[in-house]
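One structure is given here, and the rest of the page talks about it.
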Amino acid sequence: MNLASLTTLRVGGPARELIEADSEAALIDAVRAADADGTPLLVVGGGSNLLVADEGFDGVVVRDAREDVSLVNDGACGGLSITATAGTRWDRLVAQAVESEWSGFEALSGIPGSTGATPMQNVGAYGAEVKDLVAVIRTWDREAGSVRTLPLVKAEFGYRDSMLKRSMTHGPWGPTPRYVVLDVTFHTRMASLSAPVRYQQLATALDVELGARVPITEVREAVLALRSAKGMVLDPADHDTWSAGSFFTNPIVPDDAVPAGAPRYPAADGLVKTSAAWLIEHAGFSKGFAVAPDAPASLSTKHTLALTNRGDATAADIVALARAVRDGVRERFGISLVPEPVAVGLEI
Ligand SMILES: Cc1cc2nc3c(=O)[nH]c(=O)nc-3n(C[C@H](O)[C@H](O)[C@H](O)COP(=O)(O)OP(=O)(O)OC[C@H]3O[C@@H](n4cnc5c(N)ncnc54)[C@H](O)[C@@H]3O)c2cc1C
């Protein structure tokens, strides 16, 4: 089985073994067995944030096949808690939330992948981040060999970052974190109106002021329309969506490193966040850019931040494109773009 068939970039060679876990016990057993005999482990969700080498992954790939969503507390004060198993498709949960008037999920509509992966990089879009909803993450702690419940504060969420993500680079755990997510509990409120709209483009699409609350169904529809126009909703017929979404994170740098005219948003520690898409475009890369006229990988024709497979690209083609863009931006602006997807068996 090639990992290309499990990833949205549709590249990646064979895995030694694939285990589909249909219970929590089976998921833990698979992880524990791999760790016990030192077999490399890749827990995969929707494969929408993975770039896997053409040589494949000489280890065990584990998928959580469970998709269970339960309302664990619909407290009389208006607060409610929802628990979803890691394998639950994120957008399926968002659709259910919008239908059930569980407010706060709506701006995160259309993000591919599994619920279990959302805390990894604190997924976010249109002014919302999953950290605004997460209450508790139940995990299998591979180091301790036991179930460990992480309250929100222990996840140490940042921009496209968390303690879980950082755990991949400390110790032997990567390309999966030390903490394998079993399920996630979210806390929110019942409301037919959305959380305040925090993103200008979304406010414009909805024809409201920033900070307004609108029916959550309208937010979901507007977000899905905006995302589709950028090739950010999976569509097998559209090669612009054969991607890992935004390939580079927005750089967080000292104010004086931001080129004149580039967007600036306040970030932690006196730094500022600028736009990776702006840097890419102003370094001379336009939509559809490819390293050669017939190259099978190119920037999306709808969005410069997505690297895409035009049909028969390999991981090497995606890497060549990523390097060309990263090096071009570095030469022009002195800023090193950082890839967002988890690289398996390769370096960019
Ligand atoms: C078209 C498109 C649009 C996108 N838009 C956005 C966006 O708007 N915002 C955004 O933040 N991201 C976006 N992404 C990126 C991606 O969808 C998210 O990062 C998503 O959360 C990845 O989930 P996944 O299940 O596909 O993870 P995978 O790609 O399967 O795995 C990614 C990493 O998470 C780990 N992982 C997976 N499941 C678990 C688990 N149960 N426990 C522990 N670790 C686990 C894997 O081991 C791996 O290290 C987009 C991607 C695409 C293709």
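Some points to look at:
- The charge dipole of the chain, taken about its Cα centre with unit charges on the Cβ of Lys, Arg, Asp and Glu (plus for the first two, minus for the last two), comes to roughly 600 debye.
- Residues considered: Asp256, Asp183, Asp235. Largest GNM mean-square fluctuation over the chain, using C-alpha springs under 10 Å, is found at Asp256.
- Normalised alpha carbon radius of gyration of the chain [divisor 2.2 N^0.38 Å]: 0.98
- Furthest towards positive pole of dipole, Ala324, Met1, Ala26, structure part the chain, Cβ charges: Ala324
- Here the ratio of the Cα radius of gyration of the range 74-148 to 2.2 N^0.38 Å is 1.16.
- Whichever lysines have a C-alpha closer than 25 Å to that of Lys287, once near sequence neighbours (fewer than 8 apart) are set aside: Lys230, Lys273, Lys302
- When you restrict to C-alpha pairs under 8 Å that are six or more residues apart and normalise by the size of the chain, the relative contact order lands at 16 percent.
- Its Cα centre serving as origin, the range 43-86 has a Cβ charge dipole (Lys and Arg +1, Asp and Glu -1) of approximately 200 debye.
- Equivalent ellipsoid, the range 44-97 (semi-axes from 5 times Cα gyration tensor eigenvalues, Å): 33, 11, 8
- Ellipsoid semi-axes in whole angstrom, largest first, where each is sqrt(5λ) of the Cα gyration tensor of the range 239-344: 25, 13, 11
- Each 5 Å bin, from zero up to the one with the longest distance, holds this percent of the alpha carbon pairs of the range 1-52: 5, 20, 26, 22, 19, 8, 0.
- Cα-Cα P(r), the range 2-103, percent of pairs per 10 Å interval: 14, 36, 28, 16, 6, 0
- Using the average count of surrounding beta-carbon atoms within 10 Å as a protection proxy, the listed peptides 222-234, 330-342 rank, highest first, as 222-234, 330-342.
- Note that the range 319-330 has calculated 3J(HN,Hα) couplings of 5, 4, 5, 4, 5, 4, 5, 4, 5, x, 5, 5 Hz, one per residue in order, obtained from phi through the Karplus relation 6.51 cos²θ - 1.76 cosθ + 1.60 (θ = phi - 60°); glycine and proline are x.
- Largest GNM mean-square fluctuation across Asp207, Asp29, Asp161, computed for the chain with C-alpha springs under 10 Å, falls on Asp207.
- Solvent-accessible area per residue for the chain (1.4 angstrom probe, square angstrom): 43 Å²
- 10 Å-binned pair-distance histogram of the range 150-206 (Cα, whole percent): 17, 33, 27, 20, 3
- Dimensionless Rg ratio for the range 126-265, taking C-alpha atoms and the 2.2 N^0.38 Å reference: 1.28
- GNM on the chain, alpha-carbon springs under 10 angstrom: the most fluctuating residue among Asp317, Asp269, Asp327 is Asp269.
The values are calculated or read from the model by the stated rules, or taken from the named source; none is laboratory data. As the structure is a prediction and not an experimental result, all values here were calculated from the model. Cβ: placed from backbone, ideal geometry, glycine included. Neighbour counts: every protein chain shown. Ligands, DNA and RNA are excluded from the accessible area calculation, which covers all protein heavy atoms including side chains. Shrake-Rupley method; radii C 1.70, N 1.55, O 1.52, S 1.80 Å.
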